[in-house]
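The values are calculated or read from the model by the stated rules, or taken from the named source; none is laboratory data. For clarity, every value in this text was computed on a predicted model and none was experimentally measured. All Cβ positions, glycine included, derive from the backbone under ideal geometry; neighbour counts span all protein chains shown.
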Amino acid sequence: MRTTKQKSHNTGLRVGGLFLIGLGFAVVLVVGQKTDNPALAPPPVVTPAEKAAVQSFENEVKEYVKLRNRVREQAPKLSKDATPEQIHAYQKTLEESTRAARKNARRGDVFKPEVADYIRRTLKTEFQGKDRKDIRDIVFETELQGVVLRVNYPYAQSAELSEMPATLLTKLPQLPKEVRYRFVGRNMLLVDRESNVIIDYMPEALP
Amino acid sequence: MRRSRINFFLIAFIVVSFLSPAPAQKLNNNAAKTAPAASPVKLTLPLKEGSLRFAVMGDTGSGTQKQRDVGEMMVKYRAAFPFEFVLMMGDNLYGGETPRDFETKFSEPYKKLLDDNVKFYATLGNHDLPLQVNYTNFNMNGKEYYRFKKGNVAFYSLNSNYMDKKQVDWFVSELAKDTSEWKVCFFHHPPYSSAKKHGSDNQLREVVEPIFVKYGVDVVLTGHDHVYERIKPQKGIYYFVSGAGGQLRSGDVKASSPLTEKAYDRDMHFMLFEVAGDQMYFQTISRTGETIDSGMIVRRKK
């Protein structure tokens, strides 16, 4: 004979079990919703060494973001309803203060050789095959005459920005919102989203 | 004596009248120095009571006289078709973004519209720096991708320069809860285009098209190719390329493209839209005021 306490305990277990099953379904649905597009499939499994290289790269990027956010806090705030003058002044301040704060920055500080090798391999895989011709077309169609690449200096304001192929972005190490990948010819850049400063770049990243 | 004096003045008046151009002709001659002869405003849109009215223009920011001509023509058409806002398809400022560039490439060409409180909603093109999202007159509210709603229409501005996972996740989650009758997306790079210079962005299409289909997007507006093109509906979705609001690539549309429903690459243009219930009307107008395309889209049952 079951007591009332036992009954309520069992009912509680059943409810809890149903809740967990429901939660499980919800997780499956959410995950399914975000990965059912093959174009957005995550990158293939990486080796422990590659994983370590990517982790180190992500840490370097985080360090940069911390630094630029400190610099940003000291700059005058930019409103969402800014005038062109305010935008221009903000961008200049951010650019100059970032440069001063990382005056010893050199090419390869963020794209260290290990992660650079990993990214080159990833890009090579993505650029292979006839169906990947589109990626090459997108990247190489941009007119980039006279664009000078220099760490800590902005990407030329008057120059066109090449579109980052959407399917490629999902295969590269993910970046925080403050930082962007860019291609300039075969070079791959890491650029600050707001100041447009080149944080680092990899020459001959593309096959 | 008196009669001969009257005759003299009459003859003098007639001679002067023949030799001098009429005031209207003078006006046209002056106008011809800055703009080509313009067609009169001919509206094909129904102007239904309570309808939502907006304009579309792309690849505008050249700062040229022709961009200004398009702006002037938009003002003329607005007198007949009072649109509330304008969607910009990106490349809002070419070749530099100093405060002066914002003036010559945006606020001066559209001064009359801005003065009349017409709102502009921008998206970023491959010539635009991300800080444009903070510019007050682009109404992007500091965001590279955003949604706003007018009447029964939800508008999604996407950043096709950088379609990363964060943006895709945001887009999917917004669409999943969107109960608006119409869903219109606008961004710079065209998933479908018959232009020779850029053409269809297959990479972008691979990512966004399944989302459009799954969540019932009705209309997609883009630019990038400096032409006008209305694409044959693809998987039930209407795609437009409107990338010649300030730049033109004359003769760029492939003549026998199977994608094309209607194309125009001889002059710059802008578009007008009117949404009334389940019907969306559109009219495409050249820089000189000629109607180059028009039609109606009926909302799909979802």
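Observations
- For residue B:158, the conditions (1) out of contact with any Cys (no Cβ under 9 Å at 6 or more places or on another chain); (2) within 13 Å of chain A (Cβ to nearest Cβ) all hold with the exception of (1).
- In the set (1) surrounded by fewer than 24 Cβ atoms within 10 Å (Cβ to Cβ); (2) touching a residue at least 40 places away in the same chain (Cβ under 8 Å); (3) part of a loop (DSSP other than H, G, I, E, B), residue B:87 fails one condition alone, (3).
- Search result, residues across segment A:158-203 that are at pLDDT below 90, surrounded by fewer than 22 Cβ atoms within 10 Å (Cβ to Cβ) and acidic (Asp, Glu): A:160
- Candidates B:227, B:275, B:220, filtered to the one that is of a type in the set (Val, Ile, Thr), surrounded by 24 or more Cβ atoms within 10 Å (Cβ to Cβ), closer than 21 Å to residue B:301 by Cβ and in contact with a Gly (Cβ under 8 Å, 6 or more places away or on another chain): B:275
- Considering only residues in segment B:161-189 that are closer than 19 Å to residue B:210 by Cβ and in a loop (DSSP other than H, G, I, E, B), the one that is farthest from the other protein chains (Cβ to nearest Cβ) turns out to be B:178.
- Residue count for segment A:166-207, restricted to those that are outside any helix (DSSP H, G or I) and either touching a Pro at 6+ places or on another chain (Cβ under 8 Å) or within 12 Å of another protein chain (Cβ to nearest Cβ) (or both): 24
- One residue alone among B:164, B:128 is acidic (Asp, Glu), within 22 Å of residue A:165 (Cβ to Cβ) and in contact (Cβ under 8 Å) with a residue 24 or more places away in the chain, and that residue is B:128.
- Evaluating residue B:50 against the criteria (1) in a loop (DSSP other than H, G, I, E, B); (2) within 28 Å of residue A:85 (Cβ to Cβ); (3) among the small types (Gly, Ala, Ser) leaves one unmet condition, (2).
- Where residue B:75 falls short, out of the listed (1) more than 14 Å from the chain's Cα centre (by Cα); (2) part of a helix (DSSP H, G or I): (1)
- The criterion of being facing chain A (nearest Cβ under 10 Å) and part of a loop (DSSP other than H, G, I, E, B) holds for residue B:197.
- No other residue among B:244, B:263 is part of a loop (DSSP other than H, G, I, E, B) and among the aliphatic types (A, V, I, L, M) apart from B:244.
- Of the criteria (1) closer than 25 Å to residue B:269 by Cα; (2) at pLDDT below 95; (3) part of a helix (DSSP H, G or I), which one residue B:137 fails: (2)
- If the condition is being over 29 Å from residue B:102 (Cα atoms) and either within 13 Å of chain B (Cβ to nearest Cβ) or in a loop (DSSP other than H, G, I, E, B) (or both), then segment A:64-114 contributes A:102, A:103, A:104, A:105, A:106, A:107, A:108, A:109, A:110, A:111, A:112.
- Matching residues in segment B:90-125 - criterion: being in a loop (DSSP other than H, G, I, E, B), of a type in the set (A, V, I, L, M, F, W, C) and either free of Cβ contacts under 8 Å to residues at least 40 places away in the same chain or surrounded by fewer than 22 Cβ atoms within 10 Å (Cβ to Cβ) (or both): B:93, B:118, B:122
- Segment A:110-120 - residue that is under 16 Å from residue A:175 (Cβ atoms) and not hydroxyl-bearing (Ser, Thr, Tyr) and, of those, surrounded by the fewest Cβ atoms within 10 Å (Cβ to Cβ): A:112
- Meets criteria (without any contact (Cβ under 8 Å) to a residue 12 or more places away in the chain, more than 11 Å from chain B (Cβ to nearest Cβ) and assigned to a loop (DSSP other than H, G, I, E, B)) for residue A:148: yes
- Whenever a residue of segment A:79-94 is touching a residue at least 60 places away in the same chain (Cβ under 8 Å), its partners that are not in a loop (DSSP other than H, G, I, E, B), lying with C-beta atoms within less than 6 angstrom and at least six residues away or across chains, give the pairs A:91/B:131.
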